[in-house]
Amino acid sequence: MQTSNTTAGTEKGLQDLDQIVIRFAGDSGDGMQLTGDQFTRTTALMGNDIATFPDFPAEIRAPAGTLPGVSAFQLRFSSFDIHTPGDAPDVLVAMNPAALKVHLKELRKDGILLLNTASFSALDLKKAKYEKDPRTDGTLDGWRVIEVDLEARTLEALATSKLDNRGKERCKNMYALGILYWMFHRDMAPTEKAIAQKFAKKPELVEANLMAMKAGFAYAETTEIFQTAYRVPPAQMKPGTYRNIMGNQSLCLGLVAAGQKAGLQLFLGSYPITPASDILHQLSTYKHHGVVTFQAEDEIAAVCSAIGASYSGSLGITSTSGPGMALKAEAIGLAVMAELPLVILNVQRAGPSTGMPTKTQQADLLQAMYGRNGECPVAVIAASTPADAFEVGYEAVRIAVKYMLPVIVLSDGYIANGSEPWLLPDPEKLPAIPVKFAPEGQPGTKFMPYARDAQTLARPWAKPGTKGLVHRIGGIEKADVTGNICYEADNHQHMVDTRAQKVANIAADIPPIETIGPRTGDVLVLGWGSTRGAITASTLRLQKDGHKISCACLRFLNPLPNDLGDLMRGFKKVVLPEMNKGQLAMILRAKYLIDVVSFSQVNGQPFKSHDIHAFLQKTLASLGSTRDAGSAKETRR
Amino acid sequence: MTAVPTSPAPLTKKDYKTDQEVRWCPGCGDYSILNAVQGAFAKLGKQLHETVIVSGIGCSSRFPYYMETFGFHTIHGRAPAIATGVKTSNPALDVWVVTGDGDAMSIGGNHFIHAMRRNVGLKILMFNNRIYGLTKGQFSPTSEQGKVTKSSPLGSVDYPFSPIALSLGAGGTFIARGIDVFGPHLEDTICKASAHKGTALVEIYQNCNIFNDGAYKGFTEKEVRDERILYLEHGKPLLFGANKDKGIRFDANFQPQIVTGADLDKAFVWDETAANVAPAMALATMSEGEFPVPVGVFRRREKPNFETGIQAQITAAKSKKKESIRDLLFAGEIWDVS
Ligand SMILES: Cc1ncc(C[n+]2csc(CCOP(=O)(O)OP(=O)(O)O)c2C)c(N)n1
Ligand code: SF4
Ligand SMILES: [Mg+2]
């Protein structure tokens, strides 16, 4: 919250800021996700750059008022280009003692705490594991505390509403939102519209929610407690049309757009699992685009049905998270052998086993690369931001169809549920996805299911139902070209090499790595997936300080881009932050014999950019890196 | 001149044979099944390219290589799931699943019951030899208790279950049984399965002469057949014996009883289309030792297919809403930055 000038606006002070980080925290029943979502939409529409991070509790409904029941939503908005939802919040909205207990320690010193004082009875405190009332024992010292009994205020405001008291109380999140809208100079109109839509069938709910919001706004404007409002001017964004988007959503849009472009029916086989279920939900709403969704009996059936769909000429997709990936391994091997297109979406979560379903991690990379029996290479690509997931979903379809092989897409819980403004692409300019099914066979000729394209080595996609193409394929090793079962030594070697070469050939299809900063220097920070934002933010800061540091985010993990080796060799050190125990670092060390330094964090939370910053500073210091003011203005990309 | 579409010459059994050498053990019951399937297919009036055969893993699952149709030899137990994807994405295809008692009842049990439950238009041929053939002779979920195999040297402790009863429980709409050595009956049963719209199961008793030889000898040998086999015939009483002088009725507790002589007219009249599964269940679970072994159709009920329902939703949605990629992407709250 870097303050600039104070401008007169209302009777109270109005201060311009260039960014703000707000965290909403409350019981999972308190509507924190909805509140955060409304603030986000409004703010996006007002032209700020914004990044969000919902942090769900493990339980759907943990006992009210307890620590495990706390749900949070952090958002950061700014008047400049941002890459992460921020580290420590400037403002914490705590709806009960439990939310206070869990989140207070992260509130920036001197930050604003908006505390709902409605439930601070001895029992409430006990549930939150407070021995004494934190409001009176000095716990809150050092923060700017604003205490409001949100329940009492909301009940007052809704005196004329037809809702019962319970229903009225449930509007308290909207009261809090109203306060924040005043504090941060937000427009209430988008929320009015959204709430009217959301509860279209229950006008009394619309009325109560909006009344509560407006009352909150008025309360902040009139009471003495609130002295200043803040304004964050719009960001300088690239011209174009924007839409705020969450990762799972944009991944789906990428797939549907690719399906349309390719002229293929999409078939999703899936089994519900957090945090991937929303992909199943959302694709189920695209029936008008010909998307077939199949909720299978388990993940094995899910991937198998997708393989069957691809075999018959649709594009098979399966979506899941880590435990489901483990179940799909054997079937993915079949798709590799049958050389069929298949897109496998793994929205990673904290493992192993059931792990922490609502928390994020990127520890399934080695599983994606190697987690199958035999030599079983597939293409592996990773989404790095909510908006990037669109391109990655699209690219996955393009690669799967062009090379006739499975593509694993890695996303994670952070990308899936996080959101950001997305500069909408021109649909006309999306890359073409040509699909050529094998034509009808001529009488007297025998169809060769493994005759290959000279350039890509892809085999023909032969749709059952096409005359003259009858043939047999399967998971057993087969002779190249004819596809007949074959156990000969030389043939097996040839087929193993060919399947590997097919994946390797994709490297020729990948654009050079985009770096932020020059392609040589002291430190290269590499990343993949959702660490991109934190890496970019820390790198830019260090560049500003004059360090010879650059960063790059890899979309393709298999195959790796052709220019990666040379890029890494252009730096004294390569640092690789990952939310795992150093999985990509291990691959790069093995493949390039470069001493890649792993910076690992596996705690279920995304990296904080200040942690990466601190680590990079240490690395730079160890190199005796000298600052060079000249490089500070290095262009990005 | 307008081209007159010539309907292709009807196919023969031979047309369905492939150039691949059949690799089952000499004397294996799978040969007779292959013969019956080819015979049946020749009668179905389809063209080669309209049919897909999906199999799992096992001796039985080698089947597709010997049929001149589209064939997909997949992984152990998963054929119904893969076939569900094939059929759902292209309902016009004629999709068959070939599987074994281990493949379908053990590792693939889950997919099997859910295919039955959904009523996907698949025809499932389950070769039941009551043994794991390909892995050289371990007991299977249909092996009798006490079976001595390499993995059960003191006899298996497991109880077997009846695939027919399982399918009845799973809501199957066509459930039948045939036997490898009863070629014409099997061929006929396969044709009936093919005519059924929803999921059709044909359990085929198959002799594995290497690891479970004679498993069905007790009721299939020429000398005992007539007395030991009960042919289920729609609309006819349940009669068996060389002179059809024995019958099956059900007592007040739905226990099957053998009736003879003057009681013969109390024999239960078989209705394969009955809504009540109880009679079929009673036949499927009656003791093989005490009662004759039923073959033929246990159940045949019409019910809308899964894939038809799915595609109907798609068709309806498509006609209701047309959306370009642009409209798809530029949806919700969007804003312009200039
Ligand atoms: C995942 C997996 N587990 C185990 C096997 C080994 N395996 C192959 S076939 C088979 C049993 C086959 O029995 P059945 O389905 O009855 O077929 P049959 O050979 O008797 O026709 C087993 C256990 C395998 N191929 N894959
Ligand atoms: S092992 Fe048994 S089932 Fe397998 S081919 Fe030989 S005889 Fe047939
Ligand atoms: Mg068997």
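Remarks
- Within segment A:216-246, being of a type in the set (S, T, N, Q) and either more than 14 Å from every other protein chain (Cβ to nearest Cβ) or outside any strand (DSSP E or B) (or both) holds for A:Thr222, A:Thr223, A:Gln227, A:Thr228, A:Gln236.
- Scanning segment B:52-65 for residues that are away from ligand 3 (no atom under 16 Å from the Cβ) and surrounded by 24 or more Cβ atoms within 10 Å (Cβ to Cβ) yields a count of 4.
- Restricting attention to segment B:291-338, the residues that are of a type in the set (Lys, Arg) and buried (at least 20 other Cβ atoms within 10 Å of the Cβ) total 2.
- The one condition in (1) within 16 Å of ligand 3 (Cβ to nearest atom); (2) within 9 Å of chain A (Cβ to nearest Cβ) that B:Gln47 fails to fulfil: (1)
- Qualifying residue in segment A:269-290 (condition: at the interface with another protein chain (Cβ under 8 Å from one of its Cβ atoms), at pLDDT 95 or above and farther than 20 Å from B:Thr315 by Cβ): yes
- For beta carbons closer than 6 Å, sequence separation of 6+ or different chains, a first residue in segment B:240-253 that is surrounded by fewer than 10 Cβ atoms within 10 Å (Cβ to Cβ) and a second that is among the β-branched types (Val, Ile, Thr), there are no qualifying pairs.
- B:Ile53 more than 10 Å from chain A (Cβ to nearest Cβ) and closer than 30 Å to B:Gly214 by Cβ: no
Yes/no per residue for (1) within 14 Å of chain B (Cβ to nearest Cβ); (2) among the aliphatic types (A, V, I, L, M); (3) buried (at least 24 other Cβ atoms within 10 Å of the Cβ); (4) farther than 20 Å from A:Ser321 by Cα:
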position	(1), (2), (3), (4)
A:Thr358	no, no, no, no
A:Met404	no, yes, no, yes
A:Gly413	no, no, yes, no
A:Leu423	yes, yes, no, yes
A:Ala438	yes, yes, no, yes
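- Helices (runs of 4 or more DSSP H) contained in segment B:250-338 and holding at least 1 residues modelled with pLDDT of 95 or more and away from chain A (no Cβ under 13 Å): B:278-285
- So B:Gly169, is it under 30 Å from B:Leu93 (Cα atoms) and more than 16 Å from ligand 1 (Cβ to nearest atom): yes
- Comparison of B:Ser89, B:Ser106 shows that the only residue that is closer than 23 Å to A:Val336 by Cβ, out of contact with any Leu (no Cβ under 9 Å at 6 or more places or on another chain) and of a type outside the set (Lys, Arg) is B:Ser89.
- For segment B:168-178, a tally of residues being part of a loop (DSSP other than H, G, I, E, B) and closer than 17 Å to B:Phe41 by Cα returns 0.
- Any hit, segment B:133-145, residues being in the same structural domain as B:Gln38 (by TED's automatic domain parsing), surrounded by fewer than 24 Cβ atoms within 10 Å (Cβ to Cβ), under 21 Å from B:Asn207 (Cα atoms) and away from ligand 3 (no atom under 16 Å from the Cβ): yes
- Selection from segment A:306-317 of residues that are in contact with a Leu (Cβ under 9 Å, 6 or more places away or on another chain) and at the interface with another protein chain (Cβ under 10 Å from one of its Cβ atoms): A:Ala306, A:Ile307, A:Ala309, A:Ser310, A:Tyr311, A:Ser312, A:Gly313, A:Ser314, A:Leu315, A:Gly316
- Residues satisfying the stated conditions in segment A:396-434, i.e. under 30 Å from A:Ala500 (Cβ atoms) and among the aromatic types (Phe, Trp, Tyr): A:Tyr403
- Taken over segment B:80-106, the criterion of being near ligand 1 (Cβ under 10 Å from one of its atoms) and of a type in the set (Gly, Ala, Ser) is satisfied by B:Gly100, B:Gly102, B:Ala104, B:Ser106.
- Looking across segment A:172-218, the residues that are in contact with a Ser or Thr (Cβ under 6 Å, 6 or more places away or on another chain) and closer than 21 Å to A:Asp149 by Cα come down to A:Lys172, A:Asn173, A:Tyr175, A:Leu177, A:Ala208, A:Ala212.
- Members of segment A:543-566 that are touching a Phe, Trp or Tyr at 6+ places or on another chain (Cβ under 8 Å) and not hydrophobic (A, V, I, L, M, F, W, C): A:Ser550, A:Arg555, A:Gly565
- Any hit, segment B:20-27, residues being among the aromatic types (Phe, Trp, Tyr), within 16 Å of A:Ile476 (Cβ to Cβ) and at the interface with chain A (Cβ under 7 Å from one of its Cβ atoms): no
- Among helices (runs of 4 or more DSSP H) entirely within segment A:343-451, having at least 2 residues that are of a type in the set (D, E, K, R) and in contact with a helix residue (DSSP H, G or I) (Cβ under 9 Å, 6 or more places away or on another chain) singles out A:388-403.
- Hits in segment B:75-125 (condition: within 16 Å of ligand 3 (Cβ to nearest atom), away from chain A (no Cβ under 11 Å) and surrounded by fewer than 24 Cβ atoms within 10 Å (Cβ to Cβ)): B:Ser106
- The set of residues in segment A:270-290 being of a type in the set (A, V, I, L, M, F, W, C) and more than 20 Å from the chain's Cα centre (by Cα) is empty.
The values are calculated or read from the model by the stated rules, or taken from the named source; none is laboratory data. Note that the structure is a prediction, hence the values are computed from the model and not measured. Cβ coordinates were reconstructed from backbone atoms using ideal geometry, including for glycine residues, and neighbour counts include every protein chain displayed.
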